[in-house]
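The values are calculated or read from the model by the stated rules, or taken from the named source; none is laboratory data. All values derive from a computational prediction rather than experimental measurement. Neighbour counts are summed over all protein chains in view; Cβ atoms, including those assigned to glycine, are modelled from backbone coordinates with ideal geometry. We work out accessible area using only protein heavy atoms, side chains counted, and drop any ligands, DNA or RNA first. Shrake-Rupley method; radii C 1.70, N 1.55, O 1.52, S 1.80 Å.
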Amino acid sequence: MRRATSLLPALAAVALLVTGCGSERAGSQGGGNGMSSPVPVTDPGTDGVRITGLTLPSPTGAAGVSAAYEVTNDSTETLTYTVLFDFTTATGEVMTNLHQTVRDVGPGRTVRGTVDMPPPAPGTADVTRVRVAEVTSVPAAEAPAEPGDCPRSGIRVTADRGDAAMGLRVVGLWLENCGTSAYQVDGYPRLTLLDDDREPVDGVRILRGSGGITTAVTGIDEPPRPVTLKPGDRARASLVWRNTVEAGTAVDVPHVRVRARTGAPPVTVSPHLDLGTTGKLGVGPWRAEEDRPE
């Protein structure tokens, strides 16, 4: 899988409706409506996801670009997929893109749905193609909660899209108390680095604090202290690394299994850590959101 750059990212949960015979129907996300039937598309697929049809605007401009797709789970466990769709010109230039999440796809099942291009900016070149740019899949039981939903644990764990500058990478892990009781953490998130097959990655040291990687991330080397999150409160922990490539084999970590504290239920996020050949990942302590500088 390659890492795609989101120009206009939007994350949408997909409602599923069982239609029988091993297939399901997913909803659509975007702004198109009133479109004619898609034209069939030959697409070999990417990691179980393929485009099956494409609808382009009518001459009157009454409809937008829409693509039909299907997701097939060939594994032995129920997975939740996040797919990045690129909307491109005939020459392959990406005009916009859209994340869509397909939840709870059982083993051997196929889910079909549609994705609609968001309204384009004025002057945008004509979009004539849609492609699957990136696919991530995690065990459904460990997938981050859908926006607006609260897990039974009362704690929502997510990862942001991060920042990058001069080889330094920073991704934030966010912990939100969406429940009804106070929740306390004291120290660092418990992490397991996972590869594409969701197996543990070897050869990477997880260091508490910056580990000498940088001094540019405020608070990462401060000692941990108890953080009590009241309902609605959030905390953040930073992941830092450099993607320097020198001698050796570069390491890519597509998934991170996160436990907010010892014994907490795991949540697998997919920040795609391109660790280069450094073999080091720095992890900061949980800090309450109000403790962070502006």
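Structure summary
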| read-out | value |
| --- | --- |
| Any pair with Cβ under 6 angstrom, 6 or more apart, that starts in segment 254-265 at a residue that is among the β-branched types (Val, Ile, Thr) and ends at one that is part of a loop (DSSP other than H, G, I, E, B) | Val258/Pro189 |
| Only one of Arg198, Arg161, Arg190, Arg156 that is closer than 23 Å to Leu273 by Cα, touching a Cys at 6+ places or on another chain (Cβ under 7 Å) and not hydroxyl-bearing (Ser, Thr, Tyr) | Arg156 |
| Number of the exception - Ile155 against (1) under 20 Å from Phe85 (Cα atoms); (2) modelled with pLDDT of 95 or more | (1) |
| Residue ID - modelled with the highest pLDDT, chosen from residues in segment 267-279 that are buried (at least 17 other Cβ atoms within 10 Å of the Cβ) and part of a loop (DSSP other than H, G, I, E, B) | Ser270 |
| Per-region count, segment 83-112, residues within 25 Å of Glu142 (Cα to Cα) and surrounded by fewer than 22 Cβ atoms within 10 Å (Cβ to Cβ) | 10 |
| Only one of Arg242, Arg257, Arg261 that is at pLDDT below 95 and of a type in the set (Lys, Arg) | Arg242 |
| Test result for Asp186, more than 16 Å from Pro271 (Cβ to Cβ) and under 19 Å from the mean Cα position of the chain (by Cα) | no |
| Residue match in segment 37-49 (condition: part of a strand (DSSP E or B) and under 19 Å from Pro254 (Cβ atoms)) | yes |
| Looking only at segment 117-136, and only at residues there that are open to solvent by 50 Å² or more (accessible area, probe 1.4 Å) and not in a loop (DSSP other than H, G, I, E, B), the one that is nearest to Tyr69 (Cα to Cα) | Arg131 |
| Some residue of segment 125-132 being closer than 23 Å to Val240 by Cα, among the acidic types (Asp, Glu) and out of contact with any Gly (no Cβ under 7 Å at 6 or more places or on another chain) | no |
| Selection from segment 137-168 of residues that are outside any strand (DSSP E or B), on the phi < 0 side of the Ramachandran plot and not charged (D, E, K, R) | Ala140, Ala141, Ala143, Pro144, Ala145, Pro147, Cys150, Pro151, Ser153 |
| Residue check, Ala247 among the hydrophobic types (A, V, I, L, M, F, W, C), open to solvent by 60 Å² or more (accessible area, probe 1.4 Å) and within 20 Å of Glu290 (Cα to Cα) | no |
| So Asp74, is it touching a Pro at 6+ places or on another chain (Cβ under 9 Å) and farther than 30 Å from Asn177 by Cβ | yes |
| Among residues of segment 253-263, those that are open to solvent by less than 80 Å² (accessible area, probe 1.4 Å) and touching a strand residue (DSSP E or B) at 6+ places or on another chain (Cβ under 7 Å), counted | 7 |
| Filter result for Thr80 (out of contact with any Ser or Thr (no Cβ under 8 Å at 6 or more places or on another chain), modelled with pLDDT of 95 or more, under 20 Å from Val269 (Cα atoms) and part of a strand (DSSP E or B)) | no |
| Matching residues, segment 147-177, being open to solvent by less than 60 Å² (accessible area, probe 1.4 Å) and of a type in the set (Asp, Glu) | Asp160, Glu176 |
| Candidates Thr180, Thr192 - the one that is in a loop (DSSP other than H, G, I, E, B) and either aromatic (Phe, Trp, Tyr) or open to solvent by 40 Å² or more (accessible area, probe 1.4 Å) (or both) | Thr180 |
| Flag for Thr218 being open to solvent by 40 Å² or more (accessible area, probe 1.4 Å), closer than 16 Å to Val283 by Cβ and at pLDDT below 90 | yes |
| Residue that is farthest from Gly162 (Cα to Cα) [pool: residues in segment 220-254 that are basic (Lys, Arg) and assigned to a loop (DSSP other than H, G, I, E, B)] | Lys230 |
